[in-house]
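**Student:** Below you will find the structure I want to go over with you.
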Amino acid sequence: MESFVAQIVNGCALGGIYALFGIAFGMMFSTLGVLNAAMGSYASIAAIVGLFAADDLALPFSLALGIGVFYAAVIAVLVDQLAFQPLRRQGGGLISSLIASMGFWVILDGLAGYATRQPGLNFPVEIMPSFVIQFGQVQLPAMQIVSLGAIVLVTTGAYAVIARSRFGSAMRAVGYHPDTAAIAGVNVRRVAIYTALMSGGIAGLAGVLAGVTTGTFNAALGQGLMLKGMTAAVIGGYADVRLVAIAGILFGVVEVLCASYVPAGFRDGFAYVLLIGFLLLRHRSLLGGLRLGRT
Amino acid sequence: MQWLSDFWAAYGSLAGLAMVNAVFALACYATLSTGVLSFAPVAFGAVGGILAAQLVLHTTIPLALIVLCGGMAGLGFAMLLAPALLRVEGHWTALATVALVLVTRVVVRNVPALTGGDNGLTVTRPLSMAVPVVTLLCVMLGFRALHHSWYGIASRVVRDDPAVAAGLGINIRQTRLIGFGVSGFAGGLAGVLLVLVQQFVSPDSFYVHVAFVMITGAVIGGSFHWLGPVLGAIAVTLLPALTETLVPDSQDIGSGIALLLALVFLPRGLFDPRVVLLQLSLAQATRTRDPRYERR
Amino acid sequence: MTALVIDGLRKTFGGVKAVRDLSFTIEPGSVTGLMGPNGAGKSTVLDLVCGVTKPDAGSISIFGEDTAGLRADQVTRLGVARTYQVIRLTTGLTAVQQVITGCYLQRETSLLASILQMPWARQRRREIEDIAMYLLDRVGMADRADILAEAMSYGEQRRVEIARALGSNPMLLLLDEPTAGMNVQEADRIGTLIQALRDDGLSILLVEHSMRMVADYCDHAVVMNFGAKITEGPPADCLDDEKVQDAYFGRQRDADSQ
Ligand SMILES: Nc1ncnc2c1ncn2[C@@H]1O[C@H](COP(=O)(O)OP(=O)(O)O)[C@@H](O)[C@H]1O
Ligand SMILES: [Mg+2]
C-alpha cells in the first residue's frame with residue numbers, strides 16, 4: 001500500500017514537470033498562435049546551463065535553477081523576436097511559424113550538443129537538496145517536493161496573471177484576434193515579448209527539474225519532455241492553465257503506474273499514441289470542452 | 001567513363017543521399033501543394049524501406065520490383081492513415097504526423113525482426129547509380145504530369161483558398177486524399193532508396209532528421225512548383241557537407257539558419273514560377289492600354 | 001422551375017443576427033437585386049446559399065433541390081456559381097488559368113486520363129482553353145489573358161472573377177457587389193453583361209449596394225436591413241419605398257440632426 005501511494009506521489013511529481021512544460025507550450029500557442037517546436041531546446045539549454053552553474057561555478061542549487069530559467073527565458077525572447085516577429089508582420093500563418101520553430105529547434109539543439117560534447121550529464125549530488133519528509137509511511141524526497149511546489153506555484157501564478165491581471169486580458173485579446181487587439185490599443189509586440197519570456201522561463205524550469213530528476217541526461221532531454229508536455233497541453237485544452245496542469249499530472253501518474261505493465265521500450269510510445277489519439281479522435285479536449293485551435 | 005566511376009566513388013553516397021532527399025521532399029510537397037503540412041512521408045518511408053530491406057535479405061526479386069513494392073506499401077499505408085489525419089484542422093494534422101514519426105520509431109525499435117532493433121541491419125545488394133537516378137527522374141516526371149492535370153489545377157486552388165475551391169465544385173477532401181496517396185507512394189520510394197543507398201537500416205534511419213531535411217528542402221527550394229523541392233533538397237543535403245568543412249561539428253545548424261533566412265526573406269522559395277510571370281505581366285501591363293496595376 | 005427558393009432563413013454569429021427569417025424566390029431567367037446598407041447580411045445570404053456556412057434555421061432550394069446537408073462543392077454542382085465581395089482569385093495564376101480553374105466541373109476527364117495526358121484528355125483541355133478565352137472575351141479581358149491576375153487593376157480582377165464563375169456553366173449566378181470600386185462606365189459594362197447573361201437564360205442574384213445599378217439592371221429587387229427583408233418588388237417601387245429610404249438615408253439623417 002505504501003508503495004502504491006509512493007508511486008502516485010512519484011507520478012504526480014513527474015507529471016508536474018510535464019505539466020509545467022505543457023503550460024509553457026499552451027501559453028505560447030493560445031496567446032501568440034505559435035506551435036513552438038523549439039521549446040524542447042529551451043528546456044535542454046536550461047538544464048545544461050543550470051548544470052554548468054552548479055558544477056563549474058559551484059553555485060547552490062537554487063541559484064543554478066534561477067540561472068537556467070533566466071537563460072531559457074532570454075533565448076525564448078530572442079527566438080520570438082528573430083523568427084516569429086517578422087513572420088507575424090508578414091501575416092504568415094501557423095504553418096510558417098511552426099516551420100521556423102523547427103529551424104530554431106535544430107539550431108539550438110546543435111548548439112547545445114556543441115556546448116556539452118559529452119554523452120551523459122549529471123547534476124552533482126552534493127549540491128542537491130537532500131532532505132526527506134516523512135508523511136506517515138510515505139517518504140517524500142526533496143526533489144519531488146520541489147517539483148510539486150513548482151507546479152502548484154506556476155499554475156497559481158500563471159492563472160492569476162492570465163485570468164486576473166490587466167496584462168492577462170491583453171494576452172487573451174491578442175490570442176483571440178491580434179489585429180483587433182492592436183486596434184483596441186494593445187501593444188501586441190510587448191505582449192509577445194512578455195509571453196515568450198514567461199513561457200520560456202517555465203519551459204526552462206521544467207527542463208532543469210527534468211534534468212535533475214532524470215539523473216543522467218543529454219541535449220535530447222527537451223525532445224522527450226516536449227512530446228509529453230505537448231500531450232498534456234492537448235489533453236488539457238491549451239487555454240486554461242489549471243486544466244493543463246491537471247492533465248499533465250494525471251499523465252505522469254498513469255505513466256508511472258503503467259511502467260509496471262508496459263515493456264520499457266514502448267513506454268514513450270504510450271505518450272505518442274495518446275497524443276495522436278486525442279488529436280484525431282476528438283476535436284475537443286477531454287477536460288475543458290474547449291475547441292482545439294484558435295478562433 | 002573512368003571519371004564517372006571516380007566521381008561516384010568519391011561523392012556517390014552524397015549524391016545518392018541528395019536524390020533520396022529530393023524524393024522525400026517531393027513526398028512532402030505532395031500534401032503541401034494541397035495545403036496540408038505533413039511529416040508522414042517519414043513513416044511512409046519507414047514502411048517502404050523496411051519492406052525493401054526484408055525483400056533484399058530474404059528474396060532475390062529484382063531491384064526495380066523491390067522499389068515498386070516499397071512505393072506501393074507507402075501508398076497503402078498512406079491511404080490507411082489519410083482519412084484519420086484529414087479529420088483535424090491543418091496545423092493539428094502537422095502535429096499528429098510529428099507524433100506519427102515518433103511512434104513509428106518506437107514500434108520499429110521494439111520489433112527487432114524489422115530492422116534488427118537498435119543495432120540495425122546491413123542490407124547488402126550492390127547498387128548501381130542508375131536506380132536512384134531513374135527513380136528520381138520517374139518521380140519528377142510523375143509530379144510534372146500531376147502539375148498539368150486537373151488534379152494539379154484543383155490542388156492549387158484548394159491550397160490557396162479552400163472556400164473558393166468548394167465554390168468551383170472542387171471536392172477538397174478528395175483532392176487532399178489524392179495528395180496523401182501521392183505522398184505515400186513517393187515517401188515509400190524514398191524509403192526504399194534510402195535503405196539501398198545507405199545499405200543499412202536502423203530505427204534511426206527514419207526519424208526526425210528526415211522530417212527536417214524534407215521540410216527544409218521544400219521550403220528553401222520553393223513549394224509552388226515540383227522543381228522547387230528537388231532543388232531545395234539537393235541544396236540542403238550538400239549544405240551540411242559544405243559547412244562541415246568550414247565549421248567542424250556544425251551538424252544541421254547551417255541548414256537551420258538557411259531555413260530561417262528563406263522563411264523570412266524568400267517566403268516562396270528559390271524556385272517560384274510566379275516571379276517570372278509577374279515580371280512578364282508587369283511588362284505587358286505597362287505596354288498595353290491600361291497602365292494601372294497593383295503589386296501584391 | 002424556380003431557380004432559388006429561400007424560406008425562413010436564419011443565421012446568427014455569436015449574438016449578431018446576420019440573417020433573420022428571410023424568405024424570397026428567384027424566377028428563372030431573371031435578375032434579382034439584393035440590396036441593403038452595409039452589414040445588412042447580404043453577403044451572409046450568399047454564403048448560406050452556396051453552402052459555405054450552414055443556416056441556423058430555414059431552407060434553401062436550388063432548382064427544386066434542397067441544399068440541406070450538402071457540402072459547398074455539392075451545392076456548386078447543382079448549377080450555382082458566385083463571385084466575392086473581396087476579390088478571391090488564386091495567387092500566381094494568369095487570367096486564363098483562373099478561368100480554367102472555374103471550368104473544373106466541365107472537365108469531362110477522369111483523373112487517370114488527365115494525369116496520363118491521353119489524347120482525348122488533351123483534346124478536351126484544348127476545348128476548355130477555348131471556352132476560357134471565350135469567357136474572357138465576354139467580360140472584355142481577352143487581350144489580358146496571359147497576365148497574372150494580381151498584376152491587374154481592381155476592376156479587371158472583378159471581371160476575371162466573373163469569367164471564372166461562368167466557367168462552370170452555371171444556371172444560377174450570384175454576384176457580390178461586382179461593381180464596387182468601379183466608375184460609372186465600368187459599372188455599366190458589367191450591367192450590360194449581366195443583362196446579356198440573363199438573355200442567355202441565366203438566373204442572377206445581384207448583391208448591390210448601389211440603388212442605381214438595381215434600378216437600371218434588375219427585374220426584381222429584395223431589400224434587407226439588419227438581416228431582415230424590409231420590402232420586395234419591382235426595383236422602381238422598392239427604391240421609392242419609405243422604409244428603404246429610411247434604411248439607406250434615415251440613420252444618417254438622424255445622426256445629422258443630433
Ligand atoms: N463570419 C462572421 N463572423 C461573425 N460575424 C459575421 C461574419 N460574417 C458576417 N458577420 C456579421 O454579419 C453581419 C452581416 O454581414 P454581411 O453579410 O457581410 O453584410 P453585407 O454583405 O450586407 O454588408 C455583419 O454585422 C457582420 O459583422
Ligand atoms: Mg457584403
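The values are calculated or read from the model by the stated rules, or taken from the named source; none is laboratory data. Quick caveat, the model's predicted, so the values are computed rather than measured. Quick reminder, even Gly has a Cβ in these numbers, built from the backbone with ideal geometry, and neighbours come from all protein chains shown. To get the accessible areas, we keep the full protein, side chains included, count just its heavy atoms, and leave off ligands, DNA and RNA. Shrake-Rupley method; radii C 1.70, N 1.55, O 1.52, S 1.80 Å.
**Student:** Could you state how much accessible area A:Ile95 has, in square angstrom rounded to the nearest 10, with a 1.4 Å probe and all protein chains kept in place?
**Tutor:** For A:Ile95, solvent-accessible area is about 50 Å².
**Student:** With a 1.4 Å probe and every protein chain left in place, tell me how much accessible area C:His220 has, in Å² to the nearest 10.
**Tutor:** 50 Å²
**Student:** Here is a further query. For C:Asn169, project a label point 7 Å along Cα to C-beta. Then give me every residue of segment C:88-122 with its amide nitrogen under 18 Å of that point.
**Tutor:** Taking a point 7 Å out along Cα→Cβ of C:Asn169, the residues of segment C:88-122 whose backbone N falls under 18 Å are C:99-111, C:120-122.
**Student:** Extension gain C:Thr91-C:Glu27, at 0.36 nm per residue separation less the Cα-Cα distance, in nm?
**Tutor:** Gain on stretching C:Thr91 to C:Glu27: 19.5 nm.
**Student:** So, R0 is 30 Å and r is the distance between the beta-carbons of C:Ala68 and C:Ala236; what FRET efficiency does that work out to, to 0.05?
**Tutor:** After rounding, the FRET efficiency stands at 0.25.
**Student:** Compute the long axis of helix A:2-32 from its Cα atoms, compare it with the longest principal axis of the Cα atoms of chain A, and write down the angle in degrees, 0 to 90, nearest 10.
**Tutor:** Long axis of A:2-32 versus the principal axis of chain A: about 20 degrees.
**Student:** Compare B:Trp3, B:Trp150 by solvent-accessible area with a 1.4 Å probe and give them largest first, with all protein chains kept in place.
**Tutor:** B:Trp3, B:Trp150
**Student:** From the C-alpha gyration tensor of segment B:116-239, pull out the three semi-axes of the equivalent ellipsoid (sqrt of 5λ each), sorted largest to smallest, in whole Å.
**Tutor:** Over the Cα atoms of segment B:116-239, the semi-axes work out to 32, 15, 14 Å.
**Student:** Round to a whole angstrom and tell me the spacing of the C-alpha centers of segment B:158-207 and segment A:166-225.
**Tutor:** 33 Å
**Student:** By average Cβ neighbour count within 10 Å, what is the ranking of C:83-90, C:125-132, A:273-280, B:17-24 from highest down?
**Tutor:** Packing proxy ranking, top to bottom: B:17-24, A:273-280, C:83-90, C:125-132.
**Student:** Further question: What order do C:Cys50, A:Cys12, B:Cys138 take when sorted by accessible area (1.4 Å probe), most exposed first?
**Tutor:** Reading off the accessible areas and sorting them downward yields B:Cys138, A:Cys12, C:Cys50.
**Student:** Could I ask something else about it? In nm, to one decimal, how far is the B:Thr245 label point from the B:Glu89 one, both placed 7 Å along Cα→Cβ?
**Tutor:** Spacing of the two 7 Å Cα→Cβ label points: 4.8 nm.
**Student:** At a Cα cut-off below 27 Å, give the lysines reachable from C:Lys229, other chains included and same-chain residues fewer than 8 away excluded.
**Tutor:** Straight-line reach from C:Lys229, under 27 Å: C:Lys11, C:Lys17, C:Lys42, C:Lys54, C:Lys243.
**Student:** Then there's this: Within chain A, what whole-number % of the accessible surface is contributed by carbon and sulfur, with the 1.4 Å probe and all protein chains included in the calculation?
**Tutor:** On chain A, the fraction of accessible area on carbon and sulfur atoms equals 66 percent.
**Student:** Here's another thing I want to ask about it. Using the eigenvalues of the Cα gyration tensor, what equivalent ellipsoid semi-axes result for segment C:86-169 when each is taken as the square root of five times the eigenvalue, whole Å, largest first?
**Tutor:** Taking √(5λ) for each eigenvalue gives 24, 12, 11 Å, largest first.
**Student:** If you don't mind, another one. If you split all Cα-Cα distances of the protein assembly as shown into 10 Å bins from zero, what percentages do you get per bin, shortest first?
**Tutor:** Per 10 Å bin, starting at 0, the Cα pair percentages come out as 2, 11, 19, 21, 19, 14, 8, 4, 1, 0.
**Student:** Related question: Tell me the label-point distance for the pair C:Thr192, B:Leu270, using the 7 Å Cα-to-Cβ offset, in nm and rounded to one decimal.
**Tutor:** 5.2 nm
**Student:** Considering the Cα trace of chain A, what is its radius of gyration and what is Dmax, both in angstroms?
**Tutor:** In order Rg, Dmax, the Cα atoms of chain A give 18.6, 59 Å.
**Student:** Next question, about the same structure. Going by accessible area, probe 1.4 Å, with all protein chains left in place, what is the ranking of B:Leu80, B:Leu277, largest first?
**Tutor:** B:Leu80, B:Leu277
**Student:** While we're on this one: Quick check on packing: order B:212-218, A:42-48, B:55-61 by the mean number of other C-beta atoms within 10 Å, highest mean leading.
**Tutor:** Going from most to least packed, we get A:42-48, B:212-218, B:55-61.
**Student:** Using only the alpha-carbon atoms, how far is helix B:41-58 inclined from the longest principal axis of chain B? Give it as 0 to 90 degrees, nearest 10.
**Tutor:** The angle comes out at about 30 degrees.
**Student:** Still on this structure: Please express the shape of segment C:168-258 as an equivalent ellipsoid: the semi-axes are the square roots of 5 times the eigenvalues of the C-alpha gyration tensor, given largest first in whole angstrom.
**Tutor:** That gives 27, 15, 11 Å for the three semi-axes.
**Student:** On the full set of protein chains, 1.4 Å probe, figure out the accessible area of A:Lys228 and give it in Å² to the nearest 10.
**Tutor:** For A:Lys228, the solvent-accessible surface is approximately 20 Å².
**Student:** Nearest-5 percent of antiparallel DSSP beta bridges in the protein assembly as shown?
**Tutor:** 65 percent
**Student:** Express in % the proportion of alpha carbon pairs of segment A:16-142 at distances exceeding 20 Å.
**Tutor:** Of the Cα pairs, 54 percent sit more than 20 Å apart.
**Student:** Round to the nearest 10 and give me the degree value, 0 to 90, for the angle of helix C:119-138's Cα axis relative to the longest principal axis of chain C.
**Tutor:** So the helix axis and the longest Cα principal axis differ by about 40 degrees.
**Student:** Taking each residue in B:101-108, count the Cβ atoms of any other chain within 10 Å of its Cβ, then average. What number comes out?
**Tutor:** What the average comes to for B:101-108 is 5.
**Student:** What's log10 of I(q)/I(0) for segment B:2-207 at q = 0.15 Å⁻¹, Debye sum over Cα points only, no solvent?
**Tutor:** The calculated log intensity ratios at q = 0.15 Å⁻¹ are -0.89.
**Student:** What distance in nm separates the simple spin-label points at C:Thr12 and C:Leu111, each placed 7 Å from Cα in the Cβ direction?
**Tutor:** 4.1 nm
**Student:** Report the Stokes-Einstein translational diffusion coefficient (µm² s⁻¹, integer) for segment A:112-256, Rh taken as the Kirkwood radius over Cα pairs, at 25 °C with viscosity 0.890 mPa s.
**Tutor:** 140 µm²/s
**Student:** Provide the descending list of Cα extents for chain C along its principal axes, expressed in whole angstroms.
**Tutor:** For chain C, the Cα extents along the three principal axes come out at 69, 41, 34 Å.
**Student:** Mind checking B:275-281 for the average number of partner chain beta-carbons within 10 Å of each residue's beta-carbon?
**Tutor:** 5
**Student:** Determine the shielding of peptide B:255-267 by partner chains: average, over its residues, the number of Cβ atoms on other chains within 10 angstrom of each Cβ.
**Tutor:** 6
**Student:** Right, another one. Can you give the FRET efficiency to the nearest 0.05 for A:Asp56 and A:Phe131, using r as the Cβ-Cβ distance and R₀ = 22 Å?
**Tutor:** Efficiency at R0 = 22 Å is approximately 0.30.
**Student:** Also, quick follow-up: List residues of segment B:122-162, by number, whose backbone nitrogen lies under 17 Å from a label position 7 Å along Cα→C-beta of B:Leu57.
**Tutor:** The answer is B:122-126, whose backbone nitrogens lie closer than 17 Å to the label point.
**Student:** Show log10 I(q)/I(0) for segment C:1-84 at q = 0.15 Å⁻¹, two decimals, from a solvent-free Debye sum over equal Cα scatterers.
**Tutor:** Evaluating at q = 0.15 Å⁻¹ gives log10 I(q)/I(0) of -0.51.
**Student:** Then there's this: At what distance in angstrom do the alpha carbon centres of segment B:74-135 and segment C:34-84 lie from each other?
**Tutor:** 43 Å
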